[in-house]
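Engineer: Dumping the structure here so I can ask a few things about it.
The values are calculated or read from the model by the stated rules, or taken from the named source; none is laboratory data. All figures in this text were calculated on a predicted structure; none of them were measured in a lab. Here the Cβ positions follow ideal geometry from the backbone for every residue, glycine too, while neighbour counts run over all protein chains shown. When the accessible area is computed, the model is the full protein with side chains, heavy atoms only, and any ligands, DNA or RNA have been set aside. Shrake-Rupley method; radii C 1.70, N 1.55, O 1.52, S 1.80 Å.
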Amino acid sequence: MLQRRSFHLFSSTVLAQSFQCLSRYIDNKLYHQGISKDGDVDVNGGRGSSKRDRSECDFQLHKSRGQHLLTSTRVLDAIVKKSNIKAADTVLEVGPGTGNLTLRLLEAAQKVVAVEIDWRMADALVKRVADCGLEDRLTLIREDALKTEFPKFDLVVANIPYNISSPLIAKLVFGTWSFRSATLLLQKEFARRLLANPGDSEFNRLAVNVKLVADVEHIMDVSKRDFFPVPKVDSSVVIIRPKVDIPNVDLSEWCAFTRTCFCKKNKTLGATFKQKKKLIELMRISELMGSKDNTSTFQDDSTVIDDHEDAKDVHEIVNGADPSRLLYSVMGMTLFKEKVVGILKSSGFEDKRPSKLSVEGLLHLLSLFNQNKIYFHDKGVKGSNDAELAASFEL
């Protein structure tokens, strides 16, 4: 019996992949050549520009600043669609570039607040939006997105510069703004770490800090060939949705706690909290915090330091603190260590590894430490709250 020969070359999967490659090629070819739909020169990707704009918009993009413009109409349209923008929404866009995404957002939303620090990009954006007659819907802020105060907005949609991904996400999810969602185009490796769950090899401090206050959903991967200039890595689109109910925890204390736990995420918590310098640092902070409510973390102040190395370690770390409140003794350190290890043992966390713990488990452990007057964040240092939050999303 004759069998029908299969032609794998024309399978649906191969055809789909070939179509996507062709689509990327056409998008980038049009962008690079600057050809709009009506044949005019257009360095902005085919929307709202003309031949006379080329000399004013044609400038060098800096890869070192994360200036990679998304040129694929397929991806741009998908981002807008997945963002679920309502007609009455105000959309915040960080790093609009020359406006490939901005114009689509202006068509879908009532207003767009664009934050762009590069004056060349900002000028090109203003001209392009004006050509489309949409300037009344655009508010342009020519400042650093990490330093400026955002006006009220309903959601974020942005292809953000990769070099500010961590601090910008920290600013959004730990900030005071109430917004529905943030649709962000991120470096693929960064997105994978953001999406990681306990037990995954990529699970890290970044993921656990985000999961405390928000849910993250993966939307799609984006090829590096969909950008100009072409970056070295692929990207991913994710949606971050702030949680309605956030745990009642001091965020600076939480971030300092996760920094301690995830400094060696695959080590057991018992091993991490038995390190001498870490114990001395926690002892100092805890005693300072205890001094504010007239309580002491230590039970013994009669033994002087008679070990030269221990005395040197303690002096270097706590030098300058109030000697009337800090009991620098080997016995004091011993008691403090016993207290810390005792909490870990009694709660079953001594042999646990941070990389496998859920947010709920970590919250429970932090609560146990705080109940026993053991603290992680030094509130006595000026500006320490902002510094701790800013560093909370470092990988």
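Engineer: First measure r as the distance between the Cβ atoms of residue 135 and residue 346, then evaluate 1/(1 + (r/R0)^6) with R0 = 56 Å and state the FRET efficiency to the nearest 0.05.
Structural biologist: After rounding to 0.05, the efficiency reads 0.30.
Engineer: Once phi is turned into θ = phi - 60°, what whole-Hz ³J(HN,Hα) does the Karplus curve with 6.51, -1.76 and 1.60 give for every residue of the range 189-200, x standing for Gly and Pro?
Structural biologist: Here the 3J(HN,Hα) series is 5, 5, 4, 4, 6, 5, 8, 4, 10, x, x, 6 Hz.
Engineer: Using a 1.4 angstrom probe on heavy atoms only, work out the carbon and sulfur share of the accessible area of the range 171-300 in %.
Structural biologist: Carbon plus sulfur share of accessible area: 48 percent.
Engineer: Here is a further query. From the square roots a ≥ b ≥ c of the eigenvalues of the alpha-carbon gyration tensor of the range 169-281, which class results: rounded (a/c under 1.5), prolate (a/b over b/c), or oblate?
Structural biologist: Taking the square roots of the gyration eigenvalues as a ≥ b ≥ c, the range 169-281 is oblate.
Engineer: Here's a follow-up. For residue 260, tell me the accessible area in Å² from a 1.4 Å probe, rounded to the nearest 10.
Structural biologist: About 0 Å², ignoring ligands and nucleic acids.
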